[in-house]
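Here's the structure, in structure tokens; my notes come after.
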């Protein structure tokens, strides 16, 4: 098993196995496979610092979205609010533990783990260093990356509000706005492939110098 | 990537004795050419096992797809949600939920829910089944279109979770003791499992299989 002389010069289409020579892309350019049309590579609009800033924004929004209730219902003067964790706990108590675990994973733990690991990796990368656990975190991101569903939850909240509006007084709470902003950020993130970190020339992390 | 005159002239990794790591994308040279990859070959950069194709792609995808379909039947036949108030109890299935949204709420959202909970899972079963059968027969038919369909299924797959989250949210919100309550019913569990299983199925399908054997066919 050998690495080719300079592995970064070649790129293999992930969907049809066609081999290309990599070339630098200009702003806004996207390289597509001529054979199957899959995206090969795209220009990274945000540098390491830019993505780090986006991640920090997303983390703040995620915190707010989880602290504030998403929606409040009113019926004859009684009020009832729902937060994300209230939802997860309610499903657990109502004998739907499978759904409860699914929601906890795809709406809380995986998004949180994703943001924390990207933030951790970039915090070191901006100083030209490989973060401790670099390999494991990037491999982890590859596997749990597709299992984050916050944007589906936002649409779900919208549908739930419309359904509940027939019988109750519905008040949108700040949580739903935080979720809306989070969804916008997620859309921006969808265009960023963290695997470019593998190709950066990063020095190994050492205890003496810190991050 | 300048467009070459002939698409067929483009080299494939397996012909060049190259292999791309499925996790980190590193291009590795594999001495055991022609399909043979050492059983324990690992990517020198990330340490993950190297494969030319996702391992046991056909059997895994078939198994997951069939399991998903078996979950899909109770997901649609059983009620997913119970709305209880002082004078009546109403059990909703996915379809009646859509109908109620259409008549009482907003028709546009009804279309979105219908797409996410009924159309998308059906589309996934049909598309993945078709991709599996056509790739196993190594047909050269409509390869570009099939590749596009696969990307579509990968992209829209997780939006089917919509109804599961709607039921969860309503359960958490509508808790007015005896006056009005919403409870989840078993259908929603089956539906959640259907979505997870179809996502796993589309992940374990290897789109490279669509293009395998193209030299003999063209």
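Only the coordinates and a few stated rules stand behind these numbers; no lab work does. These numbers were taken from a predicted model, which means no experiment stands behind them. Reconstructed Cβ throughout: ideal geometry from the backbone, glycine too, with neighbour counts over all protein chains shown.
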The exposure ranking of A:158, A:116, fewest beta-carbon neighbours within 10 Å first, is A:116, A:158
Between the modelled labels at residue A:67 and residue B:108 (7 Å from Cα along Cα→Cβ) the distance in nm is 3.3
Helix A:134-144 sits off the longest principal axis of the Cα atoms of chain A, rounded to the nearest 10 on a 0 to 90 degree scale, by 50
In degrees rounded to 10, the 0-90 angle between helix B:120-136 Cα long axis and the longest Cα principal axis of chain B is 20
Residue separation between residue A:196 and residue A:23 times 0.36 nm, minus their alpha-carbon distance, gives in nm 60.9 nm
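Please give the average number of partner chain Cβ atoms lying within 10 Å of the Cβ of each residue in A:133-140, rounded to a whole number.
Mean partner-chain Cβ count within 10 Å for A:133-140: 2.
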In degrees, nearest 10, the alpha-carbon axis of helix A:110-125 is tilted away from the dominant principal axis of the alpha carbons of chain A by 40
Computed Rg/Rh for chain A (Cα atoms; Rh = Kirkwood radius) stands at 1.06
The exposure ranking of B:104, A:114, B:124, fewest beta-carbon neighbours within 10 Å first, is B:104, A:114, B:124
Averaged over the residues of A:78-86, the number of partner chain Cβ atoms within 10 Å of each residue's own Cβ comes to 4
One would report the antiparallel percent of DSSP beta bridges in the range A:46-204, rounded to the nearest 5, as 80
Inter-part gap, Cα centre of the range B:115-150 to Cα centre of the range A:81-117, in whole angstrom, is 31
Pseudo-spin-label distance residue A:53 to residue B:144, built 7 Å along Cα→Cβ, given in nm, is 4.0
Averaged over residues of B:154-162, the number of beta carbons from other chains lying within 10 Å of each residue's Cβ is 4
Nearest-0.05 FRET efficiency for residue A:60 and residue B:42 at R0 = 30 Å, using Cβ-Cβ distance, is 0.15
If R0 = 60 Å, then residue B:130 and residue A:206, at their Cβ-Cβ distance, give a FRET efficiency to the nearest 0.05 of 0.65
By Cβ neighbour count within 10 Å, fewest first, B:167, A:70 rank A:70, B:167
